[in-house]
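This report refers to the structure that appears directly beneath it.
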Amino acid sequence: MNRKKNVLIFIDWFLPGYKAGGPIQSVNNMISHLNDEFYFYVVTSNKDLGEKDPYQNILFNSWIDKQSYHIIYLDEAHQNKAVYLRLLKEANFYAIYFNSFFSIKFSLIPQWVYRSVEIKKVLAPRGMLGAGALAIKPLKKQVFLKLFRWLGFHKKVVWHATSELEKDEIIKQLGDNLEIKIAPNLSSKMASFVESTKEVHHLKVFFLSRIAFKKGLIHALNFLQETKKDMKITFSIIGPIDEKDYWDKCQKIINSMPLNVSVDYLGAIPNFQLATVLKEQHVLLLPTMHENFGHVIMESWQNGCPVIISDQTPWRNLKDKQIGSDISLSKSSEFVEMLNTFSLMDEKTFNLWSRSSYNYAKIFTENPKLIESTKNIFF
């Protein structure tokens with residue numbers, strides 16, 4: 001039996017945290033699918049995204065042995081060069097995986113600390129180099145990019161792109177003389193398909209993401225305001241409040257919604273509880289400015305929910321597959337039209353789209369080539 005190769009992972013937030021959304025699921029799914037060949041050591045913070053208080057009943061600053069990985073939760077005093085040097089000496093590591101680009105403490109500093117260490121380094125930008133993402137706080141990000149290039153870090157890593165689109169984004173920002181490997185994000189395993197109940201003129205729509213400018217909740221609310229008044233729509237907002245000022249603007253719109261649209265804020269929901277919630281929903285509405293993968297999109301399909309999303313994701317031509325619609329953010333009338341279309345569907349018609357969404361996710365999730373491509377980023 002071959003001995004497993006040790007991989008050190010740096011990620012800002014990890015389980016039991018859930019408010020950072022997709023990146024946590026990306027790494028957790030990678031660990032669960034690849035733990036037959038690799039043994040992962042996860043280095044993360046001791047708080048969830050946006051939280052002031054640390055996790056309860058967890059030992060900090062020491063390795064904890066889980067079933068398929070080790071993990072260490074570092075408090076702020078231990079997120080430094082000296083600790084990172086010590087961690088590297090605690091096992092014979094085959095590779096280091098950085099699960100972020102614009103992270104000072106869990107990407108830039110450890111890359112600086114390990115700059116002279118002869119070990120494979122893999123960097124996953126997680127969509128942070130897309131035009132939509134770079135448009136948010138652009139000055140700060142351009143300074144970071146210049147520093148990154150000046151240090152030459154872009155040529156010292158294997159880039160983990162999750163799509164051809166993300167590969168192009170990396171090349172656009174950092175040049176084409178790079179080692180880039182494409183491996184789509186792995187998804188969790190799926191339960192059986194369950195048909196939905198659906199009445200004509202009724203629709204349960206949900207938004208699933210961080211409440212932040214990039215994710216487009218205000219756009220979603222504006223689209224819902226324009227739906228036909230004889231439609232009865234329930235809109236559920238699921239996700240942590242990442243930008244308080246943005247949420248305040250959303251609430252003003254919510255308070256002026258037409259009578260045919262009711263809005264419920266469900267808060268942030270841990271991933272293991274998500275399937276139970278989504279089985280009561282119909283359609284995801286996510287007019288995002290950019291997603292390099294979009295775990296929430298795949299999770300919606302896995303639970304039989306078609307999606308209405310922007311065209312700023314890798315998922316295109318959705319209407320042809322009967323799994324949703326991808327629309328330019330400049331074409332607000334098309335978002336409204338799709339909401340009306342789904343509202344008008346009877347149960348039989350909607351379940352054709354629901355089953356198509358589920359089947360699409362199942363084929364994608366169970367494709368063995370995806371697991372091989374992810375393994376390949378380490379070789």
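The values are calculated or read from the model by the stated rules, or taken from the named source; none is laboratory data. Predicted model, so just to flag it, every value in this text is computed and none were measured. All Cβ positions, glycine included, derive from the backbone under ideal geometry; neighbour counts span all protein chains shown. Keep in mind that these areas ignore ligands, DNA and RNA; they rest on the heavy atoms of the full protein, side chains included. Shrake-Rupley method; radii C 1.70, N 1.55, O 1.52, S 1.80 Å.
Of a type in the set (D, E, K, R), part of a helix (DSSP H, G or I) and either crowded, with 16+ Cβ neighbours inside 10 Å or in contact with a helix residue (DSSP H, G or I) (Cβ under 6 Å, 6 or more places away or on another chain) (or both): which single residue out of E299, E372 fits that description?
On the way: E372 fails: either crowded, with 16+ Cβ neighbours inside 10 Å or in contact with a helix residue (DSSP H, G or I) (Cβ under 6 Å, 6 or more places away or on another chain) (or both).
Of the residues listed, the single one that is of a type in the set (D, E, K, R), part of a helix (DSSP H, G or I) and either crowded, with 16+ Cβ neighbours inside 10 Å or in contact with a helix residue (DSSP H, G or I) (Cβ under 6 Å, 6 or more places away or on another chain) (or both) is E299.
In region 93-153, which helices (runs of 4 or more DSSP H) lie fully inside it and hold 1 or more residues that are open to solvent by less than 60 Å² (accessible area, probe 1.4 Å) and within 18 Å of K81 (Cβ to Cβ)? Explain how you work it out, then say what you get.
On the way: elements: 109-113, 131-134, 138-151.
Counting at least 1 such residues, we get 109-113, 138-151.
Kindly evaluate I24 against the criterion of being open to solvent by less than 10 Å² (accessible area, probe 1.4 Å), more than 21 Å from K369 (Cα to Cα) and not in a strand (DSSP E or B). It would help to see each step written out before you state the result.
Working: open to solvent by less than 10 Å² (accessible area, probe 1.4 Å): yes; more than 21 Å from K369 (Cα to Cα): yes; not in a strand (DSSP E or B): yes.
In short, yes.
Answer with yes or no whether K279 is at negative phi, of a type outside the set (A, V, I, L, M, F, W, C), open to solvent by 20 Å² or more (accessible area, probe 1.4 Å) and modelled with pLDDT of 95 or more.
Working: at negative phi: yes; of a type outside the set (A, V, I, L, M, F, W, C): yes; open to solvent by 20 Å² or more (accessible area, probe 1.4 Å): yes; modelled with pLDDT of 95 or more: no.
Spelling it out, it is not the case that K279 is at negative phi, of a type outside the set (A, V, I, L, M, F, W, C), open to solvent by 20 Å² or more (accessible area, probe 1.4 Å) and modelled with pLDDT of 95 or more.
Would you pick out the residues in region 326-349 that are open to solvent by 10 Å² or more (accessible area, probe 1.4 Å), within 23 Å of Q225 (Cα to Cα) and of a type in the set (S, T, N, Q)?
Residues satisfying the conditions are S328, S330, S332, S333, N340, T341.
For a quick check of your reading of the model, give me the residue pairs whose first member lies in region 12-29 and is at positive phi, whose second is of a type in the set (D, E, K, R), with beta-carbon atoms closer than 9 Å and at least 6 apart or on different chains.
Once the first residue is at positive phi and sits in region 12-29, its partners that are of a type in the set (D, E, K, R) give G21/R210.
Test of understanding: among F293, F364, F350, F342, which residue is of a type in the set (F, W, Y), outside any loop (DSSP other than H, G, I, E, B), in contact (Cβ under 8 Å) with a residue 40 or more places away in the chain and over 23 Å from H202 (Cβ atoms)? Write out each step before concluding.
Values: F293 fails: outside any loop (DSSP other than H, G, I, E, B); F350 fails: over 23 Å from H202 (Cβ atoms); F342 fails: over 23 Å from H202 (Cβ atoms).
Result of the check over F293, F364, F350, F342: F364.
Please enumerate the residues belonging to region 65-90 that are open to solvent by less than 40 Å² (accessible area, probe 1.4 Å) and among the aliphatic types (A, V, I, L, M).
I71, I72, L74, V83, L87, L88
Within the bounds of region 151-164, is there any residue that is under 19 Å from the mean Cα position of the chain (by Cα) and among the acidic types (D, E)? I'd like the intermediate steps shown before the answer.
Let us first name the residues in region 151-164 that are under 19 Å from the mean Cα position of the chain (by Cα), namely 159-164.
Now drop any that are not among the acidic types (D, E), which leaves 164.
Looking through region 151-164, at least one residue is under 19 Å from the mean Cα position of the chain (by Cα) and among the acidic types (D, E).
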